[in-house]
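Student: Mind looking over this structure? Questions follow.
The values are calculated or read from the model by the stated rules, or taken from the named source; none is laboratory data. Note that the coordinates shown come from a computational prediction; the quantities given were computed from them, not determined experimentally. So basically every Cβ, Gly included, is an ideal-geometry build from the backbone, and we count neighbours across all protein chains shown. Only protein heavy atoms, including side chains, enter the accessible area calculation; ligands, DNA and RNA are left aside. Shrake-Rupley method; radii C 1.70, N 1.55, O 1.52, S 1.80 Å.
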Amino acid sequence: MKEVSFIRKNIEKWKSLEEVVDAFADRHPNEIADAYTAISSDLSFSRSHYPASHITKYLNNLASALHNSLHKTRREHFSRIRTFWTQEIPHMMYRSRKELLLSFIVFFVSVLTGVVSAMNDDSFLRLILGNSYVDMTLENIENGDPLGVYKTSSSLPMFLTITFNNIRVSFVVFVFGLLTGFGTGYILFSNGVMLGAFQTFFFRQGVNMGFESMLGVWCHGTFEISAIIIAGGAGFALGNGWLFPNTYPRLYAFKQGARRGLKIVTGLMPVFIIAGFLESFITRHTEFPTFIRLLIILASLACVIYYYLALPYLKRRNYKTI
């Protein structure tokens, strides 16, 4: 590659790295480390191809400045846990906003697919939900307890089982991003189709029955489904790092996407714990007044929207990423 082409290709990235150096006190150590890794790669290339060039000297000075900044900010403080939730997770969500939107679209389309497919086809419902589940639910409906499935075991064992399963599903959605995003899309699609078929099944028994099922399912499902969609965004971030490295080496971009996605999935653990608690201890109480269950759903939705959508946007001016 000619030197002028090398400079033209990377000049904007170097300018952004200069901004990291200028404001390193406001940057997280991980961001400075990422910048240092990126500039080191370019410096190595420049030393090999243009050893006597001014651009090599420039890159060496920039790498040195980043190295010094990195070691100045490497100290871990007792506030590390707090900053993880107040800074890092919103930061990662803002950087992954496109992947999150893609995850939502895939899931929404899959839910519609499940709804349309199940509207007039009993065989599809039984294929997706299983004969035993359909027959059991029909029996519960006849007995006047359509959501009786949530009362089949005691609360604590149910809480542990459901929480563990939800966490497992989130990591599966994320790890399947190793299949360049198609794996994550498949898991999202299959879960969305199942949700659409499930809700349609109840509405086919009557509007009131469908409304009752929504009150029960979304009492815990607001957190649970939102977390699965967010985990899908993490999986797409992992896959996109491999598919679309931009100007970075493919392996480096993949590692960045993996780390960003892993932080997001790790940050979902409290969400799954809350969802498991609601499903195990609250959803089973179908005798609760409608306004109480609606209040839980709306409060859950407000928490998700604020923390995972609004807060990252409000803090966006602090996020000068490379």
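Student: One quarter of the convex hull surface, Cα atoms only: what value does that give for region 212-322 in nm²?
Tutor: 8.0 nm²
Student: Related question: Under a crude label model (7 Å from the Cα following the beta-carbon direction), how far is Ile105 from Lys15 in nanometres?
Tutor: With each label point 7 Å from Cα toward Cβ, the separation is 2.9 nm.
Student: Also: Modelled label-to-label distance, Arg317 and Thr286, 7 Å Cα→beta-carbon offset: nm?
Tutor: Here the answer is 5.1 nm between the modelled labels.
Student: Where Lys and Arg each count +1 and Asp and Glu each count -1, what net charge lies around Phe174 among other residues with Cβ under 15 Å from its Cβ?
Tutor: Values: positive: Arg168, Lys255, Arg259, Arg260, Lys263; negative: Glu99.
For residues surrounding Phe174, the net value is +4.
Student: Percent of accessible area on the chain owned by carbon and sulfur, 1.4 Å probe?
Tutor: 65 percent
Student: Separate question: Quick check: pseudo-label points 7 Å beyond the Cα along Cα→Cβ at Ala302 and Arg47, how many nm apart are they?
Tutor: Output for this residue pair reads 5.7 nm.
Student: Sticking with this structure for a sec: Magnitude of the Cβ-charge dipole of the chain, K/R +1 and D/E -1, about the Cα centre, nearest 20 debye?
Tutor: The dipole of the chain has a size of about 1720 debye.
Student: Then there's this: Of all GluC sites (Glu not before Pro) in region 221-289, which ones are in loop regions per DSSP and have a Cβ with at most 16 other Cβ atoms within 10 Å?
Tutor: Details: sites: Glu224, Glu279, Glu287; in loops: Glu287.
Answer in residue order: Glu287.
Student: With a probe of 1.4 Å, find how much accessible area the chain has per residue, and write the answer as a whole number in Å².
Tutor: Ligands and nucleic acids excluded, the result is 52 Å² per residue.
Student: Between their Cα atoms, which of Lys98/Lys151; Lys151/Lys263; Lys13/Lys263 are more than 30 Å away from each other?
Tutor: Lys98/Lys151; Lys151/Lys263
Student: Please give the solvent-accessible surface of Tyr306 in Å², to the nearest 10, using a probe radius of 1.4 Å with every protein chain present.
Tutor: 120 Å²
Student: Quick one: how many Å² of Arg97 are accessible to a 1.4 Å probe, rounded to 10?
Tutor: 120 Å²
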